[in-house]
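> After the structure tokens below, expect a handful of questions from me.
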Amino acid sequence: QSGPTGCPISARAAEFDPFSDGYQQDPPDYVRWAREQEPVFYSPQLGYWVVTRYDAIKAIFRDNLTFSPSIALEKITPTGPEANAVLEQYGYAMNRTLVNEDEPAHMPRRRILMEPFTAEELKHHEPMVRRLAREYVDRFIDNGRADLVDQMLWEVPLTVALHFLGVPEEDMDTLRRYSIAHTVNTWGRPRPEEQVAVAHAVGNFWQYAGKVLEKMRQAPDQPGWMRYGIRKQKEHPEVVTDSYLHSMMMAGIVAAHETTANATANAIKLLLQHPESWREICEDPSLIPNAVEECLRHNGSVAAWRRLVTRDARIEGVDIPAGSRLLIVTSSANHDDRHFADADFFDIRRDNSSDHLTFGYGSHQCMGKNLARMEMQIFLEELTRRLPHMRLTGQRFTYVPNTSFRGPEHLWVEWDAARNPERQRP
Ligand code: HEM
């Protein structure tokens, strides 16, 4: 078998399947062979070139003209005519936001919309995040066991995302269903019979997003990033377009919510699998910020991202023709020994943890990274202080099959409630 450039395809490249359990359970381990022997390979099953090493991936992020982000939100599994007809029936028109916008349109938009992400502005959200974290822990602290995903980590980042965007809270449950459909629709491989159900959810999500946006336009002076965009549209209508606002209203919820929920679930799982590290952060919370970075590196919530090759290019000595699609496995870059010493080793004191590529890199690097970090730090502060004796329950972790967004669907933990520190205090 040979690839699009006539090069032979190795057996492992032919077998590569990012929807398989091997990739889902541990993406960097699944492509270890590639990182070591064939760092850039063509996947005939996916129709993408797969890139696995740190330096190459960073160079791709750096050059967003040769490597366009325009396909970042494109469906990785094209849907059939039936699902497409359903989407059309809802007027589904998801288009460019920021993450998939090319230059020269992208940078002016990013600059205009940046202010709500500054440290100064983010400080205002901190009390809300802490209050929510405390309320959710209150609900289960006496139970001795909890599924942290279902009972905290899914809903709190969703509520934070809604507050940040300025969306009313009353539609949370509906959104929860819709947003997961968006992930499957974009990065998953739904079976034909599932595709239609997913298309209905995505269509509803799209229409709901449009309605919320209209509500916001009626009261544009209220808080939130979406209304900030609505106000900026008045000054720069050609930069902050209607299509942008509607698309971001939907994509923004997923960008801010699932990424952070999954990142925190991955982090807690990893820390509890390394009880020594967990004990250390319980005893010394000042270690938490770097522990968060190391968790994002070792087991981040975005496993891979995409770029479109706009002109003939060479990556790690492999010629890649214009028009090719790239799957850049950032989680593999984060385990590249060429950049991180003994990269598989989990070390909350590692001095270059924050070099990880989980937030991307360069001109499109995640705008919400400091909001996500703040949330993760607060969740860990609250859990280590109130449940230092928590441990993982025996369980098999499952993941929603897709190339990019990754976190366990459930995270069961247990503890002896009689030993809760707040019961011991006078
Ligand atoms: C872009 C990951 C949380 C908003 C991105 C990108 C990644 C990413 C991989 C693409 C970067 C690139 O192409 O170089 C994550 C992860 C998060 C997270 C792992 C949580 C742990 C958030 C939050 C928000 C957010 C909380 C808040 C709204 C955005 C936006 C962009 C983006 C607006 C587009 C930036 C641009 O293209 O200029 N994120 N994200 N993200 N993210 Fe995040």
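> Kindly evaluate THR260 against the criterion of being in contact (Cβ under 8 Å) with a residue 12 or more places away in the chain and either surrounded by 15 or more Cβ atoms within 10 Å (Cβ to Cβ) or more than 10 Å from the ligand (Cβ to nearest atom) (or both).
Taking the combined requirement at face value, the residue satisfies it.
> Could I ask something else about it? Taking the conditions exactly as written (hydroxyl-bearing (Ser, Thr, Tyr), assigned to a helix (DSSP H, G or I) and at pLDDT 90 or above), does THR186 satisfy them or not? Give the steps one after another, and end with the answer.
Numbers: hydroxyl-bearing (Ser, Thr, Tyr): yes; assigned to a helix (DSSP H, G or I): yes; at pLDDT 90 or above: no.
Answer is no for this residue.
> Now a separate question. What tally of residues in segment 240-254 results from selecting those that are near the ligand (Cβ under 9 Å from one of its atoms) and farther than 19 Å from ASN204 by Cβ?
Residues flagged as near the ligand (Cβ under 9 Å from one of its atoms) and farther than 19 Å from ASN204 by Cβ within segment 240-254 amount to 0.
Each row is one residue, and each column tells you yes or no for (1) free of Cβ contacts under 8 Å to residues at least 24 places away in the same chain; (2) within 16 Å of the ligand (Cβ to nearest atom); (3) part of a strand (DSSP E or B).
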{"residue": "GLN24", "(1), (2), (3)": "no, no, no"}
{"residue": "PHE41", "(1), (2), (3)": "no, no, yes"}
{"residue": "VAL50", "(1), (2), (3)": "no, no, yes"}
{"residue": "ALA56", "(1), (2), (3)": "no, yes, no"}
{"residue": "LEU65", "(1), (2), (3)": "no, yes, no"}
{"residue": "ALA83", "(1), (2), (3)": "no, no, no"}
{"residue": "ASN95", "(1), (2), (3)": "no, yes, no"}
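> Just checking, which of LEU122, LEU132 is over 20 Å from the mean Cα position of the chain (by Cα), within 16 Å of the ligand (Cβ to nearest atom) and in a helix (DSSP H, G or I)? Working first, answer last.
On the way: LEU122 fails: over 20 Å from the mean Cα position of the chain (by Cα).
Testing whether each residue is over 20 Å from the mean Cα position of the chain (by Cα), within 16 Å of the ligand (Cβ to nearest atom) and in a helix (DSSP H, G or I) leaves just LEU132.
> Residue under question is THR174, and the condition is that it be among the hydroxyl-bearing types (Ser, Thr, Tyr) and more than 21 Å from MET94 (Cα to Cα); does it hold? Outline the logic, then answer.
Details: among the hydroxyl-bearing types (Ser, Thr, Tyr): yes; more than 21 Å from MET94 (Cα to Cα): no.
Here the answer is no, as THR174 does not meet what is asked.
> SER331 is checked against (1) of a type in the set (Ser, Thr, Tyr); (2) within 15 Å of the ligand (Cβ to nearest atom); (3) out of contact with any Gly (no Cβ under 9 Å at 6 or more places or on another chain) and fails just one. What number does that condition carry?
Failing condition for SER331: (3).
> In this structure, does PHE340 turn out to be surrounded by fewer than 18 Cβ atoms within 10 Å (Cβ to Cβ) and either modelled with pLDDT of 95 or more or more than 16 Å from the ligand (Cβ to nearest atom) (or both)? Give the steps one after another, and end with the answer.
On the way: surrounded by fewer than 18 Cβ atoms within 10 Å (Cβ to Cβ): no; either modelled with pLDDT of 95 or more or more than 16 Å from the ligand (Cβ to nearest atom) (or both): yes.
Judged against the criteria, PHE340 is not a match.
> Is there a residue being away from the ligand (no atom under 16 Å from the Cβ), over 27 Å from LEU132 (Cβ atoms) and not polar (S, T, N, Q) anywhere in segment 165-186?
Checking segment 165-186: not a single residue is away from the ligand (no atom under 16 Å from the Cβ), over 27 Å from LEU132 (Cβ atoms) and not polar (S, T, N, Q).
> Right, something else. Within segment 233-242, track down each residue that is closer than 24 Å to GLU169 by Cα and crowded, with 17+ Cβ neighbours inside 10 Å.
Of the residues in segment 233-242, the ones closer than 24 Å to GLU169 by Cα are 242.
None - no residue of segment 233-242 is closer than 24 Å to GLU169 by Cα and crowded, with 17+ Cβ neighbours inside 10 Å, so the list stays empty.
> Residue under question is SER20, and the condition is that it be within 23 Å of ALA333 (Cβ to Cβ) and surrounded by 15 or more Cβ atoms within 10 Å (Cβ to Cβ); does it hold?
Working: within 23 Å of ALA333 (Cβ to Cβ): yes; surrounded by 15 or more Cβ atoms within 10 Å (Cβ to Cβ): no.
Spelling it out, it is not the case that SER20 is within 23 Å of ALA333 (Cβ to Cβ) and surrounded by 15 or more Cβ atoms within 10 Å (Cβ to Cβ).
> Take the residues in segment 383-412 that are in contact with a helix residue (DSSP H, G or I) (Cβ under 6 Å, 6 or more places away or on another chain) and hydroxyl-bearing (Ser, Thr, Tyr); name whichever of them is farthest from ARG279 (Cα to Cα).
THR403
> Here's a follow-up. Do the conditions hold for ARG311, that is, is it more than 20 Å from ASN262 (Cα to Cα) and not hydrophobic (A, V, I, L, M, F, W, C)? Before you say what the answer is, go through the steps one by one.
Numbers: more than 20 Å from ASN262 (Cα to Cα): yes; not hydrophobic (A, V, I, L, M, F, W, C): yes.
So ARG311 fits the description; yes.
> Let me ask another. Only one of ILE76, ILE71 is β-branched (Val, Ile, Thr), under 28 Å from ILE315 (Cβ atoms) and away from the ligand (no atom under 14 Å from the Cβ). Can you tell me which?
Values: ILE71 fails: away from the ligand (no atom under 14 Å from the Cβ).
Exactly one residue qualifies, and that residue is ILE76.
> Go through segment 368-404 and give me each residue that's without any contact (Cβ under 8 Å) to a residue 12 or more places away in the chain and more than 16 Å from the ligand (Cβ to nearest atom). Spell out the reasoning first.
Let us first name the residues in segment 368-404 that are without any contact (Cβ under 8 Å) to a residue 12 or more places away in the chain, namely 369, 394, 396.
Correct list: GLY394, ARG396.
> Select from segment 269-304 the residues that are among the hydrophobic types (A, V, I, L, M, F, W, C), within 13 Å of the ligand (Cβ to nearest atom) and crowded, with 24+ Cβ neighbours inside 10 Å and list them in ascending order. Don't jump to the end; show me each part of the working.
Step one: of segment 269-304, the residues among the hydrophobic types (A, V, I, L, M, F, W, C) are 270-272, 278, 281-282, 287-288, 291-292, 295-296, 302-304.
Filter once more, keeping what is within 13 Å of the ligand (Cβ to nearest atom): 292, 295-296, 302-304.
Answer for segment 269-304, where residues must be among the hydrophobic types (A, V, I, L, M, F, W, C), within 13 Å of the ligand (Cβ to nearest atom) and crowded, with 24+ Cβ neighbours inside 10 Å: VAL292, CYS295, LEU296, ALA303, ALA304.
> Report the residue count in segment 368-391 for those that are surrounded by fewer than 20 Cβ atoms within 10 Å (Cβ to Cβ) and touching a Lys or Arg at 6+ places or on another chain (Cβ under 7 Å).
The qualifying residues number 2.
Yes or no, residue by residue, for (1) β-branched (Val, Ile, Thr); (2) within 23 Å of the chain's Cα centre (by Cα); (3) more than 24 Å from LEU122 (Cβ to Cβ):
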| site | (1), (2), (3) |
| --- | --- |
| HIS163 | no, yes, no |
| THR174 | yes, yes, yes |
| SER179 | no, yes, no |
| ASN185 | no, yes, yes |
| TRP206 | no, yes, yes |
| MET216 | no, no, no |
| GLU235 | no, no, no |
| LEU245 | no, yes, no |
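> What's the number of the condition TYR90 fails, among (1) within 21 Å of VAL254 (Cβ to Cβ); (2) within 14 Å of the ligand (Cβ to nearest atom)?
Result: TYR90 passes all but (2).
The values are calculated or read from the model by the stated rules, or taken from the named source; none is laboratory data. Here the structure is a predicted model, which is why all the values come from computation and not from measurement. Because the Cβ atoms are built from the backbone with ideal geometry, glycine has one as well, and the counts that use them run over all protein chains shown.
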